[in-house]
Amino acid sequence: MPINSTRRAILQGGAGLAAALAAPGAMAQPRPGEKRVLKAVMHATLGVLDPYATTAYITRNHGYLVYDTLFALDGRSRPQPQMVGEWSVSEDRLTYEFRLRPGLKFHDDTPVTTADVIASLNRWMPRDVMGTRLRNVTERLEAVDAERFRLVLKRPYGLVLETLGKPGGPVPFILPRRIVEIPADQRITEVVGSGPFRFIAAEYRSGDRVVYERFDGYAPRSEPASGLAGGKVAKVDRIEWMEISDAQTGANALLAGEVHVMENIPPDLMGLMRRSRDVVLKARGASNSILMRFNSAQAPFNNRKVRQAVMAAVSQKDYLDAQIGDDSLAQPCASVLSCESPYAADLPVPTGNIERARQLLRESGYANEKVVILHPADLPSGSALAPVTEQLLRSIGMNVQVDSMDWNSLLARRNRNVPVEQGGWSIAWGIWTNLDLMNPIINLNLDGRGGRGYVGWAESAEMERLREAFAFETDPAKQKEIAADLQRLSNEEAFSIPLGGYKVVTGHRSGVRGVVVDQILVFWNMELA
């Protein structure tokens, strides 16, 4: 994306931004009658609009603006009713009944009904690990009337509300029935939700900007905004995501007052931001974790000893120094569940043993197969991962190729389960909010379903047995034991390698009020002072 053209677009769009440049440090305020326009720099380009088709966080963030959910996690990660007004569960824990809040409607002014809810959940469940597990224990999901629906289970299941309020992609957003009931192999391209903002399709230009406008028909809940729950009050008229891929350019725009918010401040720019009196820094309530993900369905990483060789070679410090470079933000952690999880196991942090790695590689019978590493060239939070890995793998004797591409192209290629000679891949990356790693059911890196599972297509019957045991265990102490067994198994199989974590910091102009970053950056409640 040409940086200069993006900067011109910023300066030309929205009232008062040129004036802000003329008087650095002061955000120009809208004059009476003008729209309140909030401009933000997000972490990636929005390329996938189908909310069920990807785990990409940029699609999830887009989804929370335009869609709504039945339940949502509050600032303490507890599920709270969102579109649901009232709900109950039978004494035998098999039957849940829900009533939608009155007055819900979509952006096309049609009412939200239980037919939309059921159609949305039926499309979402087979595309999501938690959704699939809920579907497997569901006897029936049925409408009682236009406002009430019923979920009947085959056996008690302790994660019903947590599943309906799942915060990570794909999120169980509710869409109109007419949109979700298209063939399963087709992607959703029409964006119509019932959330606080409308997507303006006519102004959407991927790689340049994404535009949203306040939906006057949205009725917020009465509770205060907390996390992803509570009252989603739209206090600006228009939101523009300015898709600036260069982090320094984005930071300069924030410092100059050309934009109001920058979702992720890269660690190497924290010092610059801290020196500005006009920028407020907010650490998010949930940190991020970085994981290396192998394609376990293709050579050479369909060989467990080859995966173990790479795990033996990894030093988390090397990755955190290269990618984060700030000890006040870096968080070494060997748990695939993240060290913020209540189920985190106390495992030794990888420090790198090159000789052991070379020995394991020799024992594996590695035949110099090419290893293709995907490199997200436009993603600051992942820019150092491929170069560090290329050097590491060459040092233990592997044949390595790095393919650079933009993040959306990487996501598309990561979905291809084919040999590298046919455009496949060997190593890709997961940069996760810890909210999506917290327990063995939500954590896709513990998906052992092979070809039916998460990218990388890891296959382990024992992993699936343990996850099933965790899902139905009601004793917290026993759940923790099962989670510890899973993490030990994950390290033995080495389908993924934890590379550590880091605190995520959002920056905004001092004139912006009501910024909620309990879990992710959301745009309701945010206002221009």
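Select from segment 345-377 the residues that are under 20 Å from the mean Cα position of the chain (by Cα) and aliphatic (A, V, I, L, M) and write down the one among them that is nearest to D268 (Cα to Cα). If you could, list the steps in order and put the result at the bottom.
Pass one, segment 345-377, residues under 20 Å from the mean Cα position of the chain (by Cα): 374-377.
This time we only want the ones that are aliphatic (A, V, I, L, M), so: 374, 377.
Details: L374: 23, A377: 17 Å.
The residue in question is A377.
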Inset, instruction - Would you check if there is a residue in segment 398-421 being in contact with a strand residue (DSSP E or B) (Cβ under 7 Å, 6 or more places away or on another chain), assigned to a helix (DSSP H, G or I), touching a residue at least 40 places away in the same chain (Cβ under 8 Å) and within 22 Å of A458 (Cβ to Cβ)? - result: yes
Inset, instruction - Mind checking which helices (runs of 4 or more DSSP H) fall wholly inside segment 1-80 and carry at least 1 residues that are buried (at least 20 other Cβ atoms within 10 Å of the Cβ) and modelled with pLDDT of 50 or more? - result: 57-66
Inset, instruction - Would you check which residues across segment 446-467 are touching a residue at least 12 places away in the same chain (Cβ under 8 Å), surrounded by fewer than 16 Cβ atoms within 10 Å (Cβ to Cβ) and more than 23 Å from the chain's Cα centre (by Cα) and list them? - result: A461, E462
Inset, instruction - Would you point out the residue of segment 288-306, among those that are closer than 18 Å to W432 by Cβ and among the aliphatic types (A, V, I, L, M), that is farthest from the chain's Cα centre (by Cα)? - result: M292
Legend entry - Within segment 393-414, tally of residues that are crowded, with 20+ Cβ neighbours inside 10 Å and under 19 Å from S296 (Cβ atoms): 6
Legend entry - Any pair with Cβ under 8 angstrom, 6 or more apart, that starts in segment 99-119 at a residue that is over 17 Å from R221 (Cβ atoms) and ends at one that is hydroxyl-bearing (S, T, Y) and in a loop (DSSP other than H, G, I, E, B): F106/S194; H107/S194
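What tally of residues in segment 452-473 results from selecting those that are closer than 26 Å to P419 by Cβ and in a helix (DSSP H, G or I)? Lay out the reasoning, then the answer.
First, pick out the residues of segment 452-473 that are closer than 26 Å to P419 by Cβ: 452-461, 463-464.
Right, trim to in a helix (DSSP H, G or I) and you get 452, 461, 463-464.
Number satisfying all stated conditions: 4.
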Inset, instruction - Looking only at segment 309-326, decide whether some residue is β-branched (V, I, T), modelled with pLDDT of 95 or more and in the same structural domain as P498 (by TED's automatic domain parsing). - result: yes
Inset, instruction - Could you tell me whether segment 89-99 includes any residue that is in a helix (DSSP H, G or I), modelled with pLDDT of 95 or more and of a type in the set (K, R)? - result: no
Inset, instruction - Sort through L175, L151, L161 and tell me the only one that's in a strand (DSSP E or B) and either among the hydrophobic types (A, V, I, L, M, F, W, C) or in contact with a Pro (Cβ under 7 Å, 6 or more places away or on another chain) (or both). - result: L151
Inset, instruction - Only residues that are out of contact with any strand residue (DSSP E or B) (no Cβ under 8 Å at 6 or more places or on another chain), modelled with pLDDT of 95 or more and basic (K, R): list them for segment 175-220, please. - result: R177, R178, R187
Inset, instruction - Look through segment 260-287, keep the residues that are of a type in the set (A, V, I, L, M, F, W, C) and either part of a helix (DSSP H, G or I) or free of Cβ contacts under 8 Å to residues at least 40 places away in the same chain (or both), and return whichever of them is surrounded by the most Cβ atoms within 10 Å (Cβ to Cβ). - result: L269
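Which residue, of L393, L410, is in contact with a Pro (Cβ under 8 Å, 6 or more places away or on another chain) and of a type in the set (A, V, I, L, M, F, W, C)?
Details: L393 fails: in contact with a Pro (Cβ under 8 Å, 6 or more places away or on another chain).
Only one candidate passes the filter, namely L410.
Results for (1) surrounded by 15 or more Cβ atoms within 10 Å (Cβ to Cβ); (2) in contact with a strand residue (DSSP E or B) (Cβ under 6 Å, 6 or more places away or on another chain); (3) within 28 Å of D246 (Cα to Cα), shown as yes or no for each residue.
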site: V336; (1), (2), (3): yes, yes, no
site: S341; (1), (2), (3): yes, no, no
site: A344; (1), (2), (3): yes, no, no
site: N353; (1), (2), (3): yes, no, no
site: L361; (1), (2), (3): yes, no, no
site: N368; (1), (2), (3): no, yes, no
site: L374; (1), (2), (3): yes, yes, yes
site: S381; (1), (2), (3): yes, yes, yes
site: V388; (1), (2), (3): yes, no, yes
Legend entry - Residue count for segment 222-251, restricted to those that are in contact with a strand residue (DSSP E or B) (Cβ under 6 Å, 6 or more places away or on another chain) and part of a helix (DSSP H, G or I): 1
Inset, instruction - Mind listing whichever residues of segment 170-208 are within 20 Å of the chain's Cα centre (by Cα) and surrounded by fewer than 20 Cβ atoms within 10 Å (Cβ to Cβ)? - result: R187, I188, T189, S206, G207
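Suppose we keep only residues that are hydrophobic (A, V, I, L, M, F, W, C) and in a strand (DSSP E or B) within segment 365-393. Which one would you say is farthest from V505 (Cα to Cα)? Don't jump to the end; show me each part of the working.
Residues of segment 365-393 hydrophobic (A, V, I, L, M, F, W, C): 367, 371-374, 377, 379, 384-386, 388, 392-393.
When the remaining residues are screened for being in a strand (DSSP E or B), the result is 371-374.
Numbers: V371: 34, V372: 31, I373: 28, L374: 26 Å.
So, considering only residues that are hydrophobic (A, V, I, L, M, F, W, C) and in a strand (DSSP E or B), the one farthest from V505 (Cα to Cα) is V371.
The values are calculated or read from the model by the stated rules, or taken from the named source; none is laboratory data. As the structure is a computational prediction, the values presented were derived from the model and not from experiment. Virtual Cβ from ideal backbone geometry, glycine too; neighbours counted across all protein chains shown.
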